[in-house]
Each structure stands twice: as structure tokens, then as C-alpha cells.
Amino acid sequence: RVAVLIIDAVLYIFALIALLVACILPWRWQEIGKSFMQPGMSARTGFRTTCLFNLFATLADVVCVPLGLAAMIMPTRTVQYFEGTAMLSKDGKARTWNGELRGFWFLLFFFAIQDMLCLVICLPSLVVPTRLCAFIHAIREGSWQFRYKGAESRLGGWVVCCKCCGVCGDSDDEFGINERTGKLMTDFRIVWLASPFLAVMELIGFVAGVLALGSILRSWQTASDVRAAWRKDRRTDTYRVFLFSAGVQRALVVNALTLVIDIFFLPLLLLLCITVWRAPPAVREMRRRVDWRTRRCILRQAMRLLADVVMLVPLAIVIILWYRSKSVRAALCAQQGPPPPTDVDEVTAVQLAEASEAGTISERAPQQPQPAEEDARAFTEYHNAVGRAACLHALDALCLPWLLLLALLTPYRLPTIRSALPPRDDLAIHRALCRECGEMLLDLPAIASALILICTLYRADLVWKTVRDTSLAAHDKRTALCCQLLRLARDVLTLLPLFVIIVTVYRLPHFCINLKAKLSRLMADDAEMQPLEMSLLVPRPSGRVGFTVRASKSPNLSGITSLRLHVVGEQFWRSVARAKGDMMASVGRALFPLKLRDGREVSYDFAAHGQAESTLVVQFEQVVKCNSVEKLLRSLEGEAPLLLQLEASLTCGRQAVLLAVPLTVTELLEAVVAEGGRVRAQAVGAEVDDQGPRVGELRGPVQGALRRDAVWAVVLAEFVQVAS
């Protein structure tokens, strides 16, 4: 119980302190007294609650009363302050604390701050008379916002702003609606906020309007556009609220910009009128209407006029030279045709409709001719023709020195250029000349090579054959001549090693023997006879050696005048050189081709006419021991291949290969040792297609080459021997 008494005492003390603080404001004394006279104040809790309530009410007054007084200073909120205070004070006399009045003061202060900010933003724009009028108009039309209208005034004019922006929906209440016109009104603060931006736009429009209306070119059009925009915009809500016409400002700015553009086009038009011949198209467009199409026409005609002046000198050159003036004359004749029709309508649309209803116009009545559209290209066909002809003349002048050089250095190429006349097109002869000049530049090194080769004499015949060969293309001839020049350079470089060989003397015989063997010509044709059986003739103990071949032939093969025997095979002769020495191998190789004489080594009657098969017997005059032959063959490599090739000259003058038999040393050794000397070679009795690759391999790549091109290899080989 003592504790409860202590707590009650403490609470009473705090309540009394709160009551004393609440009594600081004198106007609160009456309401404080009323609060204690209410029923239930005898209870302890009621007394303490009332003290705390009065404390909070006093604190609220400390905040709201100064704010309300500050809002009263703002002229836009003064009337509203007094009316609202009077009305809310009257309604709250029966209450101990008027909370609605304090809330009204609190909101009114913030609305006053907003009014002040909007007014500060609007003040600079009032130097523009139209914005000053709009400022006054906004105050007069928004005067309802300065009055207190009950609870709705707590939100002030911003509800109207929200309604104008569509935020608050489409309510049908009368708040913010003009009772006389029934139109929605905008908050005057919106007008104040937009005023600086609209002032800037009106200043720009004013400057543009002064510029446009002060000129002769655009004054009438500007006045017409401004009048139309004014009639259209004055009925809109934007104009009624802001007293601003965007269409008028747009018309002024557009006409001012158009005037600036017209200032550029006016000298062009005057220039066209002075020159006369380029003025009619521009005048026709100006009669129709002055718009961007007209300006494009003026610019196009000015460009054509400039082209006319520039083309005077090229035109004079083309006319004087004449041979390229055909296209220019055709373009001039085309320009002198009838002028294009005007765009004047003979019958209006209304007259046509009335005539159609009356039946005076038939269904098949011809349509009215449409005005011809002007050529939209910057330059006419005349300018293109003159420019093309002038460029062709310049190209002709550039090509003339090359044509003279071509005629001087390579006159044999002129017929190709002459074939391009008359030209299929303007550039045909130029293309032909460029092509032939390129060929000439390629011919010059070849011609120099040919002259050098002719001066050396020993290759002059090759040059003459190459030049006279009609089956070779020009590229192939140039390649052949350059190759001959390179071979000549190679031969010249070979002279020094050759001189060294001659000076040494002791290598000279070996060089001559090798040269004779290298220069022997070997035919590369297919054999006329196919060997069926072959035997070696090696008498024991000694005698004349030889061989016998039974072969098939064509019945028409006959008339042999001479025979030559070749023994070919690089590996075979290298084997002989290793066994008997280089000198012996060179001497043996130099003996071939061995000429076989009729009646001594062989009889030419073996190839009689009408025979399909014949037997060839070749027997040399030298007497050789059988043991020596066997010993020689055993000293050689057994797998070394060789080719026995028999060549003949016929009575018809043709050179032919009679036999080509590929053999090996082993096959020859077996034939010598065997009884009867029969050779069991794979090529004997085989088909021609089977032995062809072996024959070609044994003949080697040197076959068919020129003899003069084989000397350098022999010289270098001997020089290497001398150097070693």
C-alpha cells in the first residue's frame, strides 16, 4: 500500500509539471479550465490524463500557431487564413482543443511556401508582356483558390492540378470547375511554373516573327500562317489557361528559318533569270507554289547552269575535233525539242462532275494530260555527253604517245589495234591499246634477247625457228627466247672451265671422248620390230662375237639404207668405269652409235617387204676370246641394266627404231655360259606395253635434247676432275 501511494504521488507530480508547462500559453488557460470541468475528473486517472492531453495540445500550438502566422504573411494565403480560422474557431468553441484549426494552419504554411517558390520562378518572365498578362489572368481565374471552402481547402489548389493531369480520376464534383462555363481550371501555380519556359519560347518567336514579317519574301506567308494557327489554338484549353499558342510560335520560327534559306536561293534565282535559258523550269515551279520542291528545282537549275559554264571549254574541244561529237550533237538536238506542257488545268473537278451528271461527257472521254515531271537528275544528258566525250579525248591524248611508241617498236602489233576499229564501244580501242602496250613491254626483253642470240650466230637458227613457229603463242615464244638467253649465259660461263681443260692437255682426250658420247643422238620413238627370241654368238674358244634376234615386224617395213647400234644405260657404264677405269668406259661409250655395214656386220635383206617375221644376225669383225667376254661380264654388276637399240634409215627418208631390247648383265652372262647362247630375258617375247616403261627409263631424259645444250655438263664434269 505504501508503494502504491508512492507511485501515485510520483504520477501526480509529473501531471502537475505537465499542467504547469501547458499553462505557458495564455490562450490555453480557458481550454485547460474547460477540460477539468468535464465529468469524471474526480478520478485520479482522469486528472492525470487531462494534464498530459493539455501538455500535448500546448506543444502542438507552439508549432502550428507560428506556421499559421507565417502563412498569413503570403498574400495568396491571407484571405484563406482569416476565413478558415474564423470558420474553424466558430465550429470548435464547444471543444477543449480545436485540432482541425491547427491542421489547417500547418497545411496552409506548406502551401504558402509552394506559392513563394512558384512566384520566385515566375518573376523573371514577367518582363515579357504576354507573360505578365498570363500572370494576371491566372490570378483572376484562380481567385477561388484564395478563399476557404471548408475541408476541401486543406488540400488547396493542388487537387485542381491533379484533376487537370488526370491523377484524381474523372470526378463529377464541382471542385475546381468554373460554375459559369463548366470548364476545368488549372492551379495558378502551374501557370507560374511554366511561365519562364513559355517566355523563352515567345522571345524566340518574337525575334523570328520580326525577321519574317520585316522581309518582303515571307511577310504575307508569315501573316497567313500566324492567322491560321491563332484561329486554331485560341479555342484550346492550353490557350485559355496559359495564354500561349504553340502553333503561332511554330509558324513564326518556321517562316524565319525558311527566310534564311530563301536568302541563299534568291541570288540563285536572280542568276537564273539573268541567264534566261535555265529560268523557265524554275518559273513554272514558282507559279505552281513556292515550297521545297521549288527550291530543289532552283538548286538543280543552278547546278546545271554551273555545269553549262564549266562545259564550255570541253564542248569547244569536242566540236573542233569532231570525231567524238556524235553523242553531244544528239543530246543538243534532244534538248531543242518541244517544251514541256504547263500545269494549268483546263477543266476543274467540279465542272467535270457536273458535266458527267449532265451526260455531256462520254465514258470513253480522253483523260486530261498530266503535266510533265521535270527530270530530277542534277545534270542533263547533254552534260553527261560532253563530260564523257571530254574524258574520252583526254584518254585519247594519254594513249597517243603509247600508240606512237607501239608503232615504232613493235609495228607487228598494229593490226590488233586496227581490228578494234570501228569500236564496239567508246573504250574498245583504249582497252586494245592497253593490252597491246602490256604485250609490248613484255616483248621488249624478248626482242633484246633475240638480238643478242642472233649476234652469237650458233643459236640464231633456234631464234628463227621460234619466231617463225605459228603454233606457239606469244607468251610461249617469249619464254623460249628468254630460256635461250639463259642458256647462252650458261655457255659463256662454261668457257672458263673449258679453257682450263684445254690448258691442262692431259684431260683433253678424255673430254673429247665424253663429249662424243654425250653428243650421240638417241631416238625416242617406239620400236618397229618386236623381239621374239634372242641369242648371243660367242664362239669357243675365240671368234667373232654377235647376236641373233628373231622378231616380228610389219610387212610394209623394208628398204633399209643404214643401221646404227646403241648401247645405253647410265648404271651399266658406271659399272664398266668401276671395273675397267673411266678412260676405258669413256672410249667404249664413244664408240656408239656403232654403224653396221651391209655385207660385213649385218645384211640389210633381213627386212624384206611382205614378211611378217624376220631374223637379224649381227656379227662384229673383231675376234674375241670367250673367256674374256665371260670375265668382263662377271666383273660388272649383275643387276646393271642396259638397252640395245637398233636404229635404221629407210629409203623413204624416215628414221626409225627397229629394235629396243632392255637387258641386264646377269642375263647376258647366263647366255654366254649357256649352251647355244640363248638369252632368257623378260623383254624378249613380251608385249610392247610391258617393256615400254623400262625402255623409256634406260633412254633417260637427255634424249631429244639439243647437242649444243649437252656440252656444258661434260665441261663441268671434266673441270671437277681437273680441280680434284
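R293 meets all of the listed conditions (1) modelled with pLDDT of 80 or more; (2) under 30 Å from K232 (Cα atoms); (3) surrounded by 16 or more Cβ atoms within 10 Å (Cβ to Cβ) but one, namely (3). For K34, the test of being among the basic types (K, R), modelled with pLDDT under 65, at negative phi and part of a helix (DSSP H, G or I) is passed. Taking the numbered list (1) modelled with pLDDT under 85; (2) loosely packed, with under 14 Cβ neighbours inside 10 Å; (3) assigned to a helix (DSSP H, G or I) in turn, V120 passes all entries but (1).
Applying the condition of being touching a residue at least 40 places away in the same chain (Cβ under 8 Å) and of a type in the set (S, T, Y) to region 101-143 and asking which residue is farthest from R234 (Cα to Cα) yields S125.
Conditions (1) at pLDDT 50 or above; (2) of a type outside the set (V, I, T), marked per residue:
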site: I177; (1), (2): no, no
site: G182; (1), (2): no, yes
site: V191; (1), (2): yes, no
site: A194; (1), (2): yes, yes
site: F197; (1), (2): yes, yes
site: G209; (1), (2): yes, yes
site: Q221; (1), (2): yes, yes
site: S224; (1), (2): yes, yes
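For beta carbons closer than 6 Å, sequence separation of 6+ or different chains, a first residue in region 73-89 that is under 27 Å from V120 (Cα atoms) and open to solvent by less than 60 Å² (accessible area, probe 1.4 Å) and a second that is assigned to a helix (DSSP H, G or I) and of a type outside the set (A, V, I, L, M, F, W, C), the qualifying pairs are M74/D115; T76/D115.
Considered as a group, the residues in region 235-260 that are hydroxyl-bearing (S, T, Y) and in a helix (DSSP H, G or I) include one that is nearest to R218 (Cα to Cα), and that residue is T258. A single member of V617, V657 is modelled with pLDDT of 85 or more, within 17 Å of M534 (Cβ to Cβ) and open to solvent by less than 20 Å² (accessible area, probe 1.4 Å), and it is V657.
Counting only residues that are at pLDDT 85 or above and of a type in the set (G, A, S), which one in region 474-498 is most open to solvent (accessible area, probe 1.4 Å)? The selected residue is A489.
Within region 548-563, the set of residues being of a type outside the set (A, V, I, L, M) and surrounded by 21 or more Cβ atoms within 10 Å (Cβ to Cβ) comprises K553 only.
Residue pairs whose Cβ atoms lie under 6 Å apart, sitting 6 or more positions apart in sequence or on different chains, and linking a residue in region 384-408 that is farther than 12 Å from S325 by Cα and open to solvent by 80 Å² or more (accessible area, probe 1.4 Å) to a partner that is part of a helix (DSSP H, G or I) and modelled with pLDDT of 85 or more, are W402/C437. Across region 214-234, the number of residues qualifying as in a loop (DSSP other than H, G, I, E, B) and more than 14 Å from L257 (Cα to Cα) comes to 2. Does region 505-523 contain at least one residue that is surrounded by 12 or more Cβ atoms within 10 Å (Cβ to Cβ), modelled with pLDDT under 85 and farther than 24 Å from R589 by Cα? No, because not a single residue in region 505-523 is surrounded by 12 or more Cβ atoms within 10 Å (Cβ to Cβ), modelled with pLDDT under 85 and farther than 24 Å from R589 by Cα.
Residue pairs whose Cβ atoms lie under 8 Å apart, sitting 6 or more positions apart in sequence or on different chains, and linking a residue in region 641-653 that is without any contact (Cβ under 8 Å) to a residue 40 or more places away in the chain to a partner that is surrounded by fewer than 18 Cβ atoms within 10 Å (Cβ to Cβ) and acidic (D, E), do not occur here.
The values are calculated or read from the model by the stated rules, or taken from the named source; none is laboratory data. These figures come from a predicted structure and were not determined experimentally. Cβ: placed from backbone, ideal geometry, glycine included. Neighbour counts: every protein chain shown. Accessible surface is based on the protein model in full, side chains and every heavy atom, while ligands, DNA and RNA are left aside. Shrake-Rupley method; radii C 1.70, N 1.55, O 1.52, S 1.80 Å.
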